[in-house]
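Notes for the one structure printed next.
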Amino acid sequence: MVTGQSGVLIMSPEPESSVSGDNILIAASLIGVTNLNSNSVKVLLDGMDVTDRAYVDSDMISCLLDDVEPGYHEIGLFIDGIPTKWGFSVTAEEANLKYSGKIRSSSSMDQIDDQTLNINKMTMDFKGSAFEWLTLKTNLKMTSQESDLYQPRNIYGLQLGLKDILILRLGDSNPRLSHYTMNGKRIRGIDLDFSYGWFNFRFLQGEINRAVQGDLSKAYSFDIDTDNFGEKYISLDRSGYTFTQNVSSARVSFGRGEIFQWGFNYMKARDDTTSVDPVLSDAVIFYESNETGSVEGLTSGTTYTINQLGTTAQVLDGSNWSGNGPKDNLVVSTDIGMNLFSKRVRLDGEIAFSMTNNNIWGGPLTLDELDTKLDSLQDGKIMDISLDGVPDPDSYKDLFTINEFMTPFAPIDPVTLGKNPFRAIINMPSSALHMRIKGSYTLNNILLEYKQIGPQFYTFGNPYMTNNIREFTIKDRLSLLGRRLMFVVGYSSKDNNLSDIVLNPLKTKTIMLNSTLVPGPGAPSIVFNMQIIGKNNGIDSVEVDSLGQFLKDNREDSRALNTLFSVNIPGNIGPISNTIAINYNSITYKDVIANDEKYLDNPRRDDYLFQKSDTRTISANISSRFSIPLRTVISFNKTQIFIPMMDENLNVIKNEIGWTSGGINGTYAVKNNTMRLTSGLDYMTNGNNDDSVQILGFKIGADWDLLNNLILSIKSNIRLNRMKANDSDGIDNDDDGKVDNNGEIWSTSNSGTMVSLNYRF
């Protein structure tokens, strides 16, 4: 603090000091100034009047400037015309660079039977920041398995962030906008995420699938057809292709998410019918004449390229191509999330609606075409739905393709809509609903969840989602003894009977109990898990023919008991530190129809086979750490499967198959832990009978710290098989000209070597 003229105390910036940053604060104390007239105060920066940006009271003057360029500057503070002047320097803001990353390059060769597979991979991840407001992330993965015949296996990703306001992702990403729109599906394109205060906006556009023209040897199938002039020709059918599938998706939400957020989601995906070439000149077909005739100019039993066929071939119109037709998908949803009671209760919910077209060849239909194609009557109605006032589908072709292949055609039942609009909307065949309530308290964590997905709901942003499902779940986790003892109890009910056209309705009920005891360091931990699963398809009678003769029994009313017991026991044997883990798992099934009295009136037939296999598995391993730099793991596993079968007398028996395996793996550190040597041996057998198989595996490897953060890894393995029957079957199994020799006892099934180089920075 420096005293200026007229009792002014200079506070900021100090005279002849250097400051950095965008915001420069000019401040001075006016306590020493007598008879202050605030209207007489003037502030100048480099001779420019900035008084209108200053705050003046009886004690202090302050002025915050956010546009001061780097360099030397002079401040002039005038009070009643009396100046106080001082200078300072502004330095450019330091970048304050921070970065980290890792690079990994690997090459592997695997020999499986007579086939060799060589794979080269390189990955690079980089993360950096600068100026405390700029962030950068990259994700690069490249592999020699990249091929035009498949979807991309190489990954290219770049992410830029501006504070907490803007995130821009380019290349490959797995966006999650909502559960029923975009939910983790890989896209290649642009992904923009903007948040400011209570407003959030996210937009993405790119490809879900890229175009795959297909294998040139499998790109066409053909028939021999006859044209209008009686001439034979090759009718080529395009196959083995994948369209480019473009996607656009957006989310607008309000609220920060900590207390409340309400979002609106949109997703539009469509196959590009122009992305697949109808004619591949270098593609080939193997031409053979058949019962329909032969094509003049072509030799039967000859391979031709499409170009060589010339005018003797015609490519089918796109609408008649085999395989899946080009598709169109539109999904809209709204979701809400709230935290209540000091974030002890969390509420989430989403409702979504979809429209899907399974064949957009030819584009949209006109209103007249819709009228005639969908109900065969040109009466201005489609299934009693009037077309009066309905706009032409062509007007909406950019949004969605409307034709006879769309699902559903009538998204909502007009009769139900008139009686109960809410029920009509919720039960739309192309709707999806998800609700969840989660309560977190000191001892309890309670979850209630309901999910319903209609039979005609589809989202290309989550193509593996199961539709036609309704599920309710309730679960409670209780923590006792300072969270050392935990119990989880739960119940769920799931069925697929949302539609009257379901051919195989099934209802599944599950009761679950889990207990975990973790006393603390040095004490054994115990886990016990039990599930009781009941399945019922609602069928109460067997199928018979018109004469009452038995055909089949499709009834299902079964129970499954799944139990798991696990214990981890730490301990020391002298200088050796050990951890013993023992696991037991059992799954048993029961046919209620064959065992419950309520089915006595219509029991199972004696020759009915209940096709559910019981399993039992026990495993154990001992992890040891020695006083020398040696670590070992010894493992054992035994699995038994009991498969129901019919014997020669049509009696149901359970045939047991199983295998036993064991192994030992170790790691030894040398050169002050700059090199770590690994090796292992494992063995597996399914018994000692004539059909038994034995598998013996060896592996060896090393990790070597070449430089700081630079690690070279080499791993190699070999696996040997022995089929006991080969020892005395009188067959030359290894094709060496000798029968039942020692070379047929053990044979190499596969081997491999991988070398990788890893660098962290």
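Could you grab me the full set of residues in the range 103-146 that are under 28 Å from the mean Cα position of the chain (by Cα), of a type in the set (Gly, Ala, Ser) and not in a loop (DSSP other than H, G, I, E, B)? Once the filter is applied, which keeps residues that are under 28 Å from the mean Cα position of the chain (by Cα), of a type in the set (Gly, Ala, Ser) and not in a loop (DSSP other than H, G, I, E, B), the range 103-146 yields Ser105, Ser106, Ser107, Ser108, Gly128, Ser129.
Scanning the range 314-323 for any residue that is closer than 26 Å to Lys185 by Cα, modelled with pLDDT under 95 and not basic (Lys, Arg) turns up at least one such residue. Evaluate the following for Phe353: is it of a type in the set (Phe, Trp, Tyr), within 30 Å of Gly439 (Cβ to Cβ) and not in a loop (DSSP other than H, G, I, E, B)? Against the criterion (of a type in the set (Phe, Trp, Tyr), within 30 Å of Gly439 (Cβ to Cβ) and not in a loop (DSSP other than H, G, I, E, B)), Phe353 qualifies. The strands (runs of 3 or more DSSP E) located wholly in the range 616-688 that include 3 or more residues which are outside the structural domain of Asn709 (by TED's automatic domain parsing) and touching a Pro at 6+ places or on another chain (Cβ under 8 Å) occupy 652-670. Kindly indicate the residue of the range 308-346 that is more than 22 Å from the chain's Cα centre (by Cα) and of a type in the set (Val, Ile, Thr) and also surrounded by the fewest Cβ atoms within 10 Å (Cβ to Cβ) among those meeting that condition. Across the range 308-346, the extreme among qualifying residues is Thr311. When residues in the range 15-29 are screened for being modelled with pLDDT of 85 or more, surrounded by 12 or more Cβ atoms within 10 Å (Cβ to Cβ) and outside any loop (DSSP other than H, G, I, E, B), 7 of them pass.
Out of all the residues in the range 651-707, which are in contact (Cβ under 8 Å) with a residue 24 or more places away in the chain and among the aromatic types (Phe, Trp, Tyr)? Matches in the range 651-707: Trp659, Tyr668, Trp704. Picking from residues in the range 245-296 that are of a type in the set (Asp, Glu) and loosely packed, with under 14 Cβ neighbours inside 10 Å, the one that is farthest from Thr334 (Cα to Cα) is Glu296. Looking at Gly263, Gly214, just one residue is assigned to a strand (DSSP E or B), in contact (Cβ under 8 Å) with a residue 40 or more places away in the chain and within 28 Å of the chain's Cα centre (by Cα), and that residue is Gly263.
For the subset of the range 364-380 comprising residues that are at pLDDT 65 or above and in contact with a helix residue (DSSP H, G or I) (Cβ under 8 Å, 6 or more places away or on another chain), which member is nearest to Ser253 (Cα to Cα)? The extreme case among them is Pro364. Residues in the range 314-366 that are without any contact (Cβ under 8 Å) to a residue 40 or more places away in the chain and within 25 Å of Leu447 (Cα to Cα): Leu340, Phe341, Ser342.
The values are calculated or read from the model by the stated rules, or taken from the named source; none is laboratory data. Note that the structure is a prediction, hence the values are computed from the model and not measured. Note that each Cβ is placed from the backbone with ideal geometry, even for glycine, and that neighbours are counted across all protein chains shown.
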